[in-house]
Amino acid sequence: MRKYVELYGLKKSFNDLEVLKGVDFQVRKGEKVVIMGSSGSGKSTLLRCINHLEHADDGIMNYNDRIIKLSRWTKEDVKHVRSSSAMVFQGYNLFKHMNVLQNVTEGLVQCKKHTKAEAKEIAESYLEKVGMKDRIKQYPSSLSGGQQQRVAIARAMALNPDIILFDEPTSALDPEMVNEVLNVMEQIASEGVTMLVVTHEVGFAKNIADRIAFMDNGVVCEDGKPKDVLYNPRNIRTCKFLNLIENRKTS
């Protein structure tokens, strides 16, 4: 299985705070990779550097056979990455002035150059997949957090990306809404889409991930199969993090 994303020496600082300290990381085509770690470890920044939502200070990325110097993105580099990727944010990022259907069709018309009729047909099919087709005329303000996130996932899937980046997609949800989003993500995983997921949902990682990478203090300090990382971690920080999550569940 060939590598789809390869990062070498990725560095990113915000003023004097060094968030990513020379990260080396790879994702193979078709893989489902979960990134875990404490708040501030650099997980979300890593995702945002991949699709140039954050401008890295240094490093090289091989993205689907295109070499990109991460401190010197070109317009062609950005187009190459974003034309085959999509991102789902923890805050949904839906357009508040557009209804559900319009939120999904906007990218299809503006970025993928579909006709409005084509975009509507595609959008409705993906909204049906996530159980939101009956809400197409509603606006985000009338939807629950879980429903908004399902629309955001439908919007990402409708673009037919080769890879979807999920940035803590359940962290802003009430506990009872988490499962409805995770169920949709499990469905996506079964369809062969490459997924890179930042999450603290250990159950999802155990059931769906091909690999789990654990980040701490701006570096990937452990990377392996779920059964190894979750049940036989080698790094002391991984152990402490997993114990903390387990204690929160039982408290």
With respect to THR170, determine if the residue is among the hydroxyl-bearing types (Ser, Thr, Tyr), within 16 Å of the chain's Cα centre (by Cα) and at pLDDT 95 or above.
-> no
Hits in segment 91-107 (condition: farther than 21 Å from VAL178 by Cα and touching a Lys or Arg at 6+ places or on another chain (Cβ under 9 Å)) = ASN99, LEU101, ASN103, VAL104, THR105, GLU106, GLY107
When segment 8-22 is checked residue by residue, the ones that are surrounded by fewer than 23 Cβ atoms within 10 Å (Cβ to Cβ) and either within 14 Å of MET195 (Cα to Cα) or of a type in the set (A, V, I, L, M, F, W, C) (or both) are PHE14, LEU17, VAL19
Any idea which residue in segment 29-69 is surrounded by the fewest Cβ atoms within 10 Å (Cβ to Cβ), counting only those that are assigned to a strand (DSSP E or B) and in contact (Cβ under 8 Å) with a residue 60 or more places away in the chain?
-> VAL33
Strands (runs of 3 or more DSSP E) wholly inside segment 152-251 that include at least 2 residues being open to solvent by 10 Å² or more (accessible area, probe 1.4 Å) and closer than 20 Å to ILE50 by Cβ = 211-216, 219-224
Does GLY192 satisfy the condition of being on the phi > 0 side of the Ramachandran plot, modelled with pLDDT under 95 and among the small types (Gly, Ala, Ser)?
-> yes
Please go through segment 70-96 and pick out each residue that is without any contact (Cβ under 8 Å) to a residue 24 or more places away in the chain, farther than 17 Å from LEU47 by Cα and not hydroxyl-bearing (Ser, Thr, Tyr).
-> ARG72, LYS75, GLU76
Tell me which residues, restricted to segment 169-199, are touching a helix residue (DSSP H, G or I) at 6+ places or on another chain (Cβ under 7 Å) and acidic (Asp, Glu).
-> ASP174, GLU180, GLU186
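The values are calculated or read from the model by the stated rules, or taken from the named source; none is laboratory data. Since this is a predicted model, take the numbers as computed values, not measurements. When we count neighbours, we look across all protein chains shown, and the Cβ atoms used for this are built from the backbone with ideal geometry, even at glycine. Keep in mind that these areas ignore ligands, DNA and RNA; they rest on the heavy atoms of the full protein, side chains included. Shrake-Rupley method; radii C 1.70, N 1.55, O 1.52, S 1.80 Å.
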